[in-house]
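What follows is one structure encoded as structure tokens, with my remarks underneath.
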Amino acid sequence: MPQDSVIYGVTRIRCHEKDLLGPARLQRMLDGSAEEAVRQLVDIGYGGLPDATVADMEQMIANELAAAYTLVEEVSFRPALTDAFRMKADVHNLKLLLKLRLMGSRETPLLLQGGVFSPEALEKMVESADYRQLPDPFPAALAALEESFQAGIDPARISTALDSAYIQYAYSIRKAPMVTAYFKALADFDNVLALLRARQMGANAARLQQMLLPPGDVPQEALLGALEAPAESLARALAQGPAREALGKGLEAFARGEGIAPLERERDNYLMNQFQGARFDNDSAAPLVAYLLAREQEAACIRLIITAKRNGLPENIITERLRVLYGW
């Protein structure tokens, strides 16, 4: 259960930070095949699957993330703050469960452990369409979704509605500037990415508005106004707020015809870099959040390397897409 001791919580996290992979180990994974990369992970106990193969990659990642989420829950001395980041697992699970129920699928989803709510509890909520146990604004958002499905099912709306509720939930946490700053930047990046996707598929302003999350520092009006603007002007119009430099780099790459991948990389690196100073912080919950984000970023890099290796992508392409790691 959550602790009251800052020293205990931070010390426990410091003990686990030494197990983060680091760029040298990722480079060794890059140097071999997908099978060799998985063997390297098995050798260090990553994911707790001693007989894992390439086919077990997602389960290995899920196991490692679950351990990170559970550790943060055990040592947190500010659960309201750390729960904002652990809720990411719950949102992931709710999306999967709701989509499968609506499609009538019997597939067994790979649900993440370690969220604020157990997967079993979420399964019961979705099965009964009763979401009263969830924090605001999730119950109202899910009730609205359930009602709207009478006129037809739109899986994309499920993701947007739950992501929007997640952002609103994070914004509501008081006396947590690190939470507010993180989620405002996340909303800005994801809204700009939604704009770029809307442009690529020729969507109109009404459709784009349905895709947008509650804004951070980039106003919704600026996003809607950029829908038909020249690509070269996007960085000037949308690079706002503390993340302006990273947003600008990603938008400039899009204008050069490089697609949305550079902006996704800029987003992930910017968000991770907001917690790089937590390496020297022993008086706040920042190291706990940083460790959780580090494990998530690490997982994204592992998934990228192994998937790209399986698909025969050259090393330089993989390297260009890798994210910055915590502490490096």
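The values are calculated or read from the model by the stated rules, or taken from the named source; none is laboratory data. Since we're looking at a predicted model, the values are computed, not measured. We place every Cβ from the backbone using ideal geometry, glycine too, and count neighbours over all the protein chains shown.
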When you check Leu65 against the structure, is it of a type outside the set (Gly, Ala, Ser), within 23 Å of the chain's Cα centre (by Cα) and either in a helix (DSSP H, G or I) or surrounded by fewer than 16 Cβ atoms within 10 Å (Cβ to Cβ) (or both), yes or no?
yes
I want to confirm something. Restricting to the range 100-119 and keeping residues that are of a type in the set (A, V, I, L, M) and surrounded by fewer than 14 Cβ atoms within 10 Å (Cβ to Cβ), which single residue is farthest from Arg86 (Cα to Cα)?
Met103
How do the helices (runs of 4 or more DSSP H) wholly within the range 249-328 filter down when requiring 2 or more residues that are under 16 Å from Asp190 (Cβ atoms): which remain?
261-273, 286-310
Tyr291: among the hydroxyl-bearing types (Ser, Thr, Tyr), farther than 23 Å from Ala194 by Cβ and modelled with pLDDT of 95 or more, yes or no?
yes
From (1) free of Cβ contacts under 8 Å to residues at least 40 places away in the same chain; (2) of a type in the set (Val, Ile, Thr); (3) in contact with a Lys or Arg (Cβ under 7 Å, 6 or more places away or on another chain), pick out the condition that doesn't hold for Thr108.
(3)
Anything in the range 94-123 that is part of a helix (DSSP H, G or I) and either farther than 16 Å from Leu162 by Cβ or of a type in the set (A, V, I, L, M, F, W, C) (or both)? List them, or say none.
Leu94, Leu96, Leu97, Leu98, Leu100, Leu102, Met103, Glu120, Ala121, Leu122
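Return the residue satisfying two criteria in turn: it lies in the range 233-248 and is of a type outside the set (A, V, I, L, M, F, W, C) and part of a helix (DSSP H, G or I), and of such residues it is surrounded by the most Cβ atoms within 10 Å (Cβ to Cβ).
So the residue we want is Gly248.
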Determine whether Ala185 is touching a Pro at 6+ places or on another chain (Cβ under 7 Å), part of a helix (DSSP H, G or I) and under 30 Å from Ala285 (Cβ atoms).
yes
If I ask for residues that are more than 29 Å from Ala231 (Cβ to Cβ) and in contact with a Gly (Cβ under 8 Å, 6 or more places away or on another chain), which ones from the range 257-286 would you list?
Gln276, Arg279, Ala285, Ala286
Hits in the range 218-232 - residues which are within 19 Å of Phe254 (Cβ to Cβ) and assigned to a loop (DSSP other than H, G, I, E, B):
Val218, Ala226, Leu227, Glu228, Ala229, Pro230
